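Following: one structure in C-alpha cells, then a few remarks.
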Amino acid sequence: MIVSVNWLKQYTKINLPVDELATLVGARLVEIEGVIDLGKKYQGIIVAKVVSVENHPNADKLHVCKVDDGGKAKGVKRDSDGLVQVVCGAPNVRKGLLVAWLPPKSTVPTSFDDDEPFVLGARELRGVISNGMLASAKELAIGDSHEGILEIDVNAKPGDDFAEAYKLNDYLLDIENKSLTHRPDCFGIIGLAREIAAITNQQFKTPDWLLDTKTNIKRTPSSASPLKVSIKAPDLSSRYQAVVLSTDRAIAETPIQIQSWLARVGIKPISPIVDVTNYLMALTGQPLHAFDYDKFTKLNGGKAEVIVRAAKKGEKLKLLDGRDVILAEEDIIIANGATPVALAGAMGGSSTAIDDNTKNILLESASFNLYNLRGTQMRHGIFTDAITRFTKGQSPEQTAPVLSQAVAMLADLTDAEVASAVVEEYPGKQKSSKIKVKAEKINQILGTNLTIEDMYETLKNAEFIVEMFCGKGKTKTDDGELDIVAPYWRADIKIPEDISEEIGRINGYDEISPSLPSRSFVATGPSDLESLQQNIRSILARAGANDILSYSFVHGNLLEAVGQKTTNSFAITNAISPKLQYYRQTLTPSLLELVHPNIKAGYGEFSLFEINKTHNKVHGKDDEGLPGELEMTALVYANKKSSKSSAFYNVRSQLDFLAKCLGLLFEYTAIDKKPDYPVTAPFDYQRSAYITEKNSGVFIGIVGEYRQQVIKNLKLPNTVAGCELGTEDILKAVNLTKGTSYRPLSKYPGTTQDITVQVKQQASFAQVWNAMYDEVLKGVELEWGLEPIGVYHPHDSRVKNMTFRIYLTDHEKTITRDAASKIVDKIGQALKKKLSAKIV
C-alpha cells in the first residue's frame with residue numbers, strides 16, 4: 001500500500017524528516033518497506049501561460065505557441081518579450097491557458113523510472129524550433145488522458161513550480177499492510193494520519209463530516225422510480241445504503257489535485273463519479289460503488305430492487321474488467337430483482353457500468369462479510385483496492401458519513417442532485433466497546449511507570465473517549481481508573497489488555513526500560529497426563545508402531561468417508577485452507593488418511609499411532625464456551641503383504657503389550673448392537689470390541705476392524721484394523737490400580753504351552769478368555785501371559801477351536817512340567833464348567 005506524506009499532512013502536522021517518520025511509524029504501527037522521493041519526477045517543471053497560438057506553417061495539427069514562464073527557466077532562447085517558443089499538437093491549447101511546461105533538460109515524469117528516461121531538449125519540429133513541451137496529464141503521471149494538455153486549475157502564476165502548485169514535492173511510504181489486517185481504519189489516509197498524530201504526541205481531530213454517523217442527504221423532487229433495498233442474509237452484509245443521483249455533467253473534469261492524490265497512491269483517475277468514490281475510499285478506507293441507474297432499472301423492467309444475497313451455484317456475471325465468472329454459493333452478489341449486477345465488495349458488473357452517457361447514478365455504501373470476501377478474492381483472483389479494504393472488516397457505522405460526503409462532492413463537481421430518499425438495511429448494528437481499566441494494571445502489564453495522566457493523553461490523542469477517575473485524596477498522577485469508549489472505527493478494541501497494548505504501542509515499546517521480573521521462577525515438571533503420554537509413546541514405539549503428528553483440522557469429505565457427521569464437528573469460520581475446514585472428532589480419520597500414501601510409497605506392513613487432542617459437539621463446550629478437548633490415543637495397523645494375517649489380533653497384541661507395560665489388564669467385550677458415536681463410526685461393530693481395564697472397571701476405548709465402505713472410500717488394504725483410546729481414561733485406570741510397568745526378571749526359566757479349546761459356535765473369544773482368567777489365572781501366584789494364536793471354524797460345524805499360548809514363570813524356583821500341567825488342567829475344568837468346552 002502506497003501512502004502520500006503530503007496527503008497525510010492535510011490532516012496532521014508532520015515536522016519530522018521523512019526517514020525519521022518512516023522509522024517511527026515502523027516501530028509503532030506498521031513496517032515501512034521503502035520511501036519514494038516523488039518530487040524528483042517533477043524537478044524543473046514550470047507553470048507557464050500561453051500568450052499566443054499560431055498555426056504551424058508546415059503541419060495542419062501542430063501549433064506554434066509562445067509561453068510566459070516568468071523568466072524562470074535558464075539557458076533557454078527567448079524572443080524580445082522574454083517569451084519561449086514551444087510547438088504543441090494538443091487540440092485544447094489556447095491563448096491565456098495556464099499549462100505545465102517541461103523546459104529543455106527536464107525529464108518527462110512518465111519515463112522517470114525507465115532504464116532510459118526521456119530527457120527533453122530544444123529541437124526542430126517540421127522546421128520550427130520547440131523548446132521542451134507542454135505536457136498532458138498522462139505525460140505528467142497524473143492521469144491517463146493524453147488527448148490534450150493539462151489545464152492548471154489552481155491559483156498559480158507563470159514561473160511557479162508545478163510540483164509546489166499540486167503538492168508534488170512529496171514522499172511516498174510503501175507500507176507492508178499485512179500487519180494491518182486487524183486495523184481497517186489504517187487503510188485510509190485519515191486513519192493513518194490519526195495514528196501518526198498519536199505517536200508524535202499530537203491531538204488529532206477527525207473531520208466533522210466523518211464523525212457524524214447519521215445520513216445527512218436531502219432529497220430534491222425527481223421522477224426516479226422508488227428504490228428498495230433488501231438484505232436476504234444478515235450474516236453476509238451488516239449494512240447496505242443506497243441513493244440515486246441525477247446529473248447532466250457526468251463527464252465533467254475531476255480537479256487535478258484529486259487526480260494527483262489518486263495517481264500517487266496507485267489509483268487511476270477515470271471520471272468524476274468514479275474518482276470521487278475512489279478518493280473517499282483512499283481517504284477513509286470505506287469503498288463505494290456507483291451503478292448507472294438507468295442501466296440498472298432496465299434489467300428489472302424499470303424497477304430498482306437492490307437485493308443483497310448469496311450467489312446461486314452456477315450463476316454467471318460479467319465483470320467490469322471484461323471477465324465472465326461462474327459464481328459460487330459463498331460469493332455475495334448485488335442483484336436487481338433476479339438479475340446479478342455486481343460481485344459485492346469485489347467488482348461491479350459490466351451491465352451497469354458508468355460511462356460518458358450516464359445521467360443517473362445509484363450510489364452504494366455498504367459493509368460485507370469479510371470472510372466471504374476473502375474466499376471470493378482467492379476464488380476469482382480479484383485483488384482490487386475495494387476488496388483489499390473490505391476484507392479487513394470496515395465498520396458499518398462508516399457507511400453513512402462517507403455516503404453523505406460522496407453526495408456532497410458529486411453535487412459540487414457534477415451539479416448532481418439527490419433523486420431519491422436514502423434507503424438502507426442495518427441488521428448488524430455495531431455496538432461501542434466500553435472498557436474500565438486501572439492505571440496500575442496497565443503499568444503491571446507493560447512494565448512501565450506511566451501516570452494516569454500520561455495514559456489519558458495517549459488515548460485522547462488517538463480519539464478514544466476517555467474519563468479519568470482518581471481515588472479520594474489522590475492527585476491525577478496517583479493510581480486511578482480509566483473509563484474508555486472505543487471510537488466506531490476501532491472494532492478491534494474489546495478488553496483491558498487491548499487498551500494496554502494501545503498505550504504501550506503509541507508511546508513506543510522501545511521506550512520501556514527492560515528489567516527482569518522480580519519474582520522467582522520454579523521450573524514446572526510435566527503433569528501426570530504428560531508423563532503418561534510420553535510413556536505410551538515410548539511403549540508403542542517399542543512395539544513397532546510409528547508416531548505421527550497431523551493437523552487438528554480436517555476436510556469435511558474425510559469425516560464423511562469414515563462415516564462421521566460433519567454436523568458433529570465444529571466448523572472453522574476463517575479456515576486457512578479448504579482442506580482444513582473442521583475440527584476432527586477423533587484421531588482415527590487422520591491416521592486412515594495416511595495408510596494409502598504409505599502403501600504407495602512402498603511400505604507393505606506398518607502401524608501408525610498418534611497421541612493428540614480431539615473436539616466434537618457430542619462432548620459440547622467447556623466453561624469458557626470453547627470446544628471441549630478430549631485427550632486421545634489412536635493406532636492403525638495395515639498389511640498389504642498378507643490377506644491371511646488377522647489385523648484385529650495384531651492390534652490387540654500391541655494393546656496387550658501397552659497394558660502390560662503400564663501394569664494394566666485390558667478386557668475386550670463384544671459389541672451387541674450398532675453404536676452411534678463419532679469414535680465408533682469408522683469401525684465394523686461386528687468385528688470390534690470395547691476395551692475396559694479389568695481391575696478398575698474403567699472404560700478405555702474401542703478396538704476393531706473397519707467397515708468395508710471406509711476401506712473402499714480411503715483405498716485401504718483388506719488387512720487393516722485399529723483402536724482409539726481415551727488417554728485420560730488410561731491415566732485414571734493407572735491411578736486406580738496403582739499399576740507399574742516394572743517387574744524384575746525372574747532368575748528362573750519359564751515355560752510356554754499352547755492349548756486348543758473346543759467351544760460352541762456361539763461362544764465368544766471374550767467368554768473363553770474371562771473364564772480362564774476369572775477361574776484360574778487371577779489366583780495364580782506366578783507371572784503369566786495369555787496370547788491368542790488363532791481360531792479354526794470348520795464349515796457347517798457347530799463347534800470351533802481357539803488356540804492360546806500360555807506363558808508361566810515362577811520367581812522363586814524353576815517351574816516344572818507337572819506344575820504347569822496342573823494349571824492347564826484347572827483351566828480345562830473351568831472351561832468345561834463355564835462353557836461346556838474342552839481342551840483338545
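What are the residues in the stretch 721-738 that are in a strand (DSSP E or B) and surrounded by fewer than 23 Cβ atoms within 10 Å (Cβ to Cβ), if any?
Answer for the stretch 721-738, where residues must be in a strand (DSSP E or B) and surrounded by fewer than 23 Cβ atoms within 10 Å (Cβ to Cβ): just G726.
If you check E593, E605, which single one turns out to be surrounded by fewer than 19 Cβ atoms within 10 Å (Cβ to Cβ), in contact (Cβ under 8 Å) with a residue 12 or more places away in the chain, within 14 Å of A634 (Cβ to Cβ) and not aromatic (F, W, Y)?
Details: E605 fails: within 14 Å of A634 (Cβ to Cβ).
After applying the criteria, what remains is E593.
For the stretch 785-832, which positions are under 21 Å from S653 (Cβ atoms), among the aliphatic types (A, V, I, L, M) and open to solvent by less than 70 Å² (accessible area, probe 1.4 Å)?
Going through the stretch 785-832, the residues under 21 Å from S653 (Cβ atoms) turn out to be 785-793, 800-809, 827.
Adding the requirement that they be among the aliphatic types (A, V, I, L, M) leaves 786, 789, 791, 802, 806, 808, 827.
Selection gives L786, M802, I806, L808, I827.
Pairs needed: first member in the stretch 234-256, under 23 Å from E425 (Cα atoms) and open to solvent by 80 Å² or more (accessible area, probe 1.4 Å); second member anywhere, at pLDDT 90 or above and of a type in the set (F, W, Y); C-beta distance under 9 Å; at least 6 residues apart or different chains.
Every condition considered, no pair remains.
Could you please give the count of residues in the stretch 643-657 that are open to solvent by less than 40 Å² (accessible area, probe 1.4 Å) and out of contact with any Phe, Trp or Tyr (no Cβ under 8 Å at 6 or more places or on another chain)? Talk me through it step by step, then tell me what you get.
Going through the stretch 643-657, the residues open to solvent by less than 40 Å² (accessible area, probe 1.4 Å) turn out to be 645, 647-648, 651-652, 654-655.
Next cut, out of contact with any Phe, Trp or Tyr (no Cβ under 8 Å at 6 or more places or on another chain) only: 645, 648.
Residues that pass the stated criteria total 2.
In the stretch 324-358, what residues are touching a residue at least 40 places away in the same chain (Cβ under 8 Å), under 14 Å from G381 (Cβ atoms) and either open to solvent by 20 Å² or more (accessible area, probe 1.4 Å) or in a loop (DSSP other than H, G, I, E, B) (or both)?
Scanning the stretch 324-358 gives A328, D331, A346, M347.
Residue-by-condition table, conditions (1) in contact (Cβ under 8 Å) with a residue 24 or more places away in the chain; (2) aliphatic (A, V, I, L, M):
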{"position": "A689", "(1), (2)": "yes, yes"}
{"position": "E693", "(1), (2)": "yes, no"}
{"position": "F699", "(1), (2)": "yes, no"}
{"position": "G704", "(1), (2)": "yes, no"}
{"position": "L725", "(1), (2)": "yes, yes"}
{"position": "V759", "(1), (2)": "yes, yes"}
{"position": "A763", "(1), (2)": "yes, yes"}
{"position": "Q767", "(1), (2)": "yes, no"}
{"position": "G779", "(1), (2)": "no, no"}
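Would you confirm whether or not the stretch 162-183 contains a residue that is closer than 24 Å to K66 by Cβ and in a loop (DSSP other than H, G, I, E, B)?
no
If you check G704 against the conditions, is it in a loop (DSSP other than H, G, I, E, B), open to solvent by less than 70 Å² (accessible area, probe 1.4 Å) and either farther than 30 Å from D818 by Cβ or modelled with pLDDT of 90 or more (or both)?
no
Could you list, in sequence order, all residues of the stretch 11-31 that are under 15 Å from I189 (Cα atoms) and buried (at least 17 other Cβ atoms within 10 Å of the Cβ)?
Within the stretch 11-31, the first condition is being under 15 Å from I189 (Cα atoms), and the residues that meet it are 11-14, 25, 29-30.
Hits for the stretch 11-31 are Y11, T12, I14, V25, L29, V30.
So which of T633, T614 is under 16 Å from I548 (Cα atoms), among the β-branched types (V, I, T) and under 25 Å from the mean Cα position of the chain (by Cα)? Steps first, please.
Values: T633 fails: under 25 Å from the mean Cα position of the chain (by Cα).
That would be T614, the only listed residue that is under 16 Å from I548 (Cα atoms), among the β-branched types (V, I, T) and under 25 Å from the mean Cα position of the chain (by Cα).
Might you let me know whether the stretch 114-127 holds any residue that is in contact with a Phe, Trp or Tyr (Cβ under 6 Å, 6 or more places away or on another chain), outside any strand (DSSP E or B) and under 30 Å from V30 (Cα atoms)? Give the derivation first.
To start, the set of residues in the stretch 114-127 that are in contact with a Phe, Trp or Tyr (Cβ under 6 Å, 6 or more places away or on another chain) comprises none.
No; the residues of the stretch 114-127 include none that is in contact with a Phe, Trp or Tyr (Cβ under 6 Å, 6 or more places away or on another chain), outside any strand (DSSP E or B) and under 30 Å from V30 (Cα atoms).
Test of understanding: among D174, D160, D144, which residue is more than 17 Å from Q43 (Cα to Cα) and either modelled with pLDDT of 95 or more or surrounded by 15 or more Cβ atoms within 10 Å (Cβ to Cβ) (or both)? First the steps, then the outcome.
Details: D160 fails: more than 17 Å from Q43 (Cα to Cα); D144 fails: either modelled with pLDDT of 95 or more or surrounded by 15 or more Cβ atoms within 10 Å (Cβ to Cβ) (or both).
Every option except D174 fails the conditions.
Given the condition among the polar types (S, T, N, Q) and surrounded by fewer than 20 Cβ atoms within 10 Å (Cβ to Cβ), answer yes or no: does some residue in the stretch 274-291 qualify?
Here is the first cut: in the stretch 274-291, the residues among the polar types (S, T, N, Q) are 277-278, 284, 286.
Those still in the list that are surrounded by fewer than 20 Cβ atoms within 10 Å (Cβ to Cβ) too: none.
Checking the stretch 274-291: not a single residue is among the polar types (S, T, N, Q) and surrounded by fewer than 20 Cβ atoms within 10 Å (Cβ to Cβ).
Among the residues that make up the stretch 608-630, is at least one of them small (G, A, S) and touching a residue at least 60 places away in the same chain (Cβ under 8 Å)? Working first, answer last.
Of all residues in the stretch 608-630, those small (G, A, S) come to 620, 625, 628.
Next, only the ones that are touching a residue at least 60 places away in the same chain (Cβ under 8 Å) stay: none.
Among the residues of the stretch 608-630, not one is small (G, A, S) and touching a residue at least 60 places away in the same chain (Cβ under 8 Å), which makes the answer no.
When the stretch 600-642 is examined, which residues are found to be among the charged types (D, E, K, R) and either under 15 Å from E724 (Cβ atoms) or at pLDDT 95 or above (or both)? If you could, list the steps in order and put the result at the bottom.
Of the stretch 600-642, the ones among the charged types (D, E, K, R) are 600, 605, 610, 613, 617, 621-624, 629, 631, 640-641.
Across the stretch 600-642, the qualifying residues are E610, K613, E631.
For the stretch 255-304, enumerate the residues that are in a strand (DSSP E or B) and touching a helix residue (DSSP H, G or I) at 6+ places or on another chain (Cβ under 6 Å). Give the steps one after another, and end with the answer.
Pass one, the stretch 255-304, residues in a strand (DSSP E or B): 288-292, 304.
Matches in the stretch 255-304: L288, A290, F291, D292, A304.
Which number in (1) within 29 Å of K813 (Cα to Cα); (2) open to solvent by less than 10 Å² (accessible area, probe 1.4 Å) marks the one condition that T756 misses?
Failed condition: (2).
Applying the selection to the stretch 608-626, what residues are touching a Phe, Trp or Tyr at 6+ places or on another chain (Cβ under 8 Å) and open to solvent by less than 70 Å² (accessible area, probe 1.4 Å)?
Residues of the stretch 608-626 touching a Phe, Trp or Tyr at 6+ places or on another chain (Cβ under 8 Å): 614-618.
Listed by number, the residues that qualify are T614, H615, N616.
Pairs, please: C-beta under 7 Å, at least 6 apart or cross-chain, first residue assigned by TED's automatic domain parsing to the domain that holds G266 and farther than 19 Å from V5 by Cβ and in the stretch 174-189, second open to solvent by 10 Å² or more (accessible area, probe 1.4 Å) and hydroxyl-bearing (S, T, Y)?
Close Cβ pairs satisfying both conditions: none exist.
Would you confirm, using the coordinates I've provided, whether L299 is surrounded by fewer than 24 Cβ atoms within 10 Å (Cβ to Cβ), hydrophobic (A, V, I, L, M, F, W, C) and within 24 Å of P396 (Cα to Cα)? Show your work before the answer.
On the way: surrounded by fewer than 24 Cβ atoms within 10 Å (Cβ to Cβ): yes; hydrophobic (A, V, I, L, M, F, W, C): yes; within 24 Å of P396 (Cα to Cα): no.
Here the answer is no, as L299 does not meet what is asked.
What residue, of E501, E511, is of a type in the set (D, E, K, R) and loosely packed, with under 13 Cβ neighbours inside 10 Å?
Details: E501 fails: loosely packed, with under 13 Cβ neighbours inside 10 Å.
After applying the criteria, what remains is E511.
Quick one: in the stretch 565-580, of everything that is out of contact with any Phe, Trp or Tyr (no Cβ under 7 Å at 6 or more places or on another chain) and not aliphatic (A, V, I, L, M), which residue is most open to solvent (accessible area, probe 1.4 Å)?
So the residue we want is K579.
What number of residues in the stretch 664-689 are more than 21 Å from T719 (Cα to Cα), assigned to a loop (DSSP other than H, G, I, E, B) and open to solvent by 30 Å² or more (accessible area, probe 1.4 Å)? Spell out the reasoning first.
Let us first name the residues in the stretch 664-689 that are more than 21 Å from T719 (Cα to Cα), namely 664-667, 669, 672-678.
Those still in the list that are assigned to a loop (DSSP other than H, G, I, E, B) too: 664-665, 672-678.
Cutting the leftovers down to open to solvent by 30 Å² or more (accessible area, probe 1.4 Å) gives us 665, 672-674, 676-677.
Qualifying residue count for the region: 6.
Within the stretch 549-560, can one find any residue that is in a helix (DSSP H, G or I), touching a Pro at 6+ places or on another chain (Cβ under 6 Å), open to solvent by less than 40 Å² (accessible area, probe 1.4 Å) and not β-branched (V, I, T)? Spell out the reasoning first.
Filtering the stretch 549-560 down to residues in a helix (DSSP H, G or I) leaves 556-560.
If we keep only those that are touching a Pro at 6+ places or on another chain (Cβ under 6 Å) too, we end up with 558.
If we keep only those that are open to solvent by less than 40 Å² (accessible area, probe 1.4 Å) as well, we get 558.
Then keep just the ones that are not β-branched (V, I, T); that gives 558.
Yes, the stretch 549-560 contains a residue that is in a helix (DSSP H, G or I), touching a Pro at 6+ places or on another chain (Cβ under 6 Å), open to solvent by less than 40 Å² (accessible area, probe 1.4 Å) and not β-branched (V, I, T).
So, in the stretch 100-121, how many residues would count as being under 17 Å from G71 (Cα atoms) and either aliphatic (A, V, I, L, M) or surrounded by 18 or more Cβ atoms within 10 Å (Cβ to Cβ) (or both)?
Going residue by residue through the stretch 100-121, those that are under 17 Å from G71 (Cα atoms) are 100-106.
Now drop any that are not either aliphatic (A, V, I, L, M) or surrounded by 18 or more Cβ atoms within 10 Å (Cβ to Cβ) (or both), which leaves 100-104, 106.
Going through the stretch 100-121 one residue at a time, the tally reaches 6.
Provide a single number: the residues in the stretch 159-178 that are aromatic (F, W, Y) and within 27 Å of V51 (Cα to Cα).
Step one: of the stretch 159-178, the residues aromatic (F, W, Y) are 162, 166, 171.
Now restrict to residues that are within 27 Å of V51 (Cα to Cα): 162, 166.
Number satisfying all stated conditions: 2.
If a residue must be touching a strand residue (DSSP E or B) at 6+ places or on another chain (Cβ under 8 Å), in a helix (DSSP H, G or I) and either among the β-branched types (V, I, T) or under 19 Å from Y677 (Cα atoms) (or both), how many such residues does the stretch 561-600 contain?
Residues flagged as touching a strand residue (DSSP E or B) at 6+ places or on another chain (Cβ under 8 Å), in a helix (DSSP H, G or I) and either among the β-branched types (V, I, T) or under 19 Å from Y677 (Cα atoms) (or both) within the stretch 561-600 amount to 8.
The values are calculated or read from the model by the stated rules, or taken from the named source; none is laboratory data. Just so it is clear, the structure is predicted and the values come from calculations on it, not from any experiment. Quick reminder, even Gly has a Cβ in these numbers, built from the backbone with ideal geometry, and neighbours come from all protein chains shown. Side chains are part of the model used for accessible areas, which takes the heavy atoms of the whole protein and leaves out ligands, DNA and RNA. Shrake-Rupley method; radii C 1.70, N 1.55, O 1.52, S 1.80 Å.
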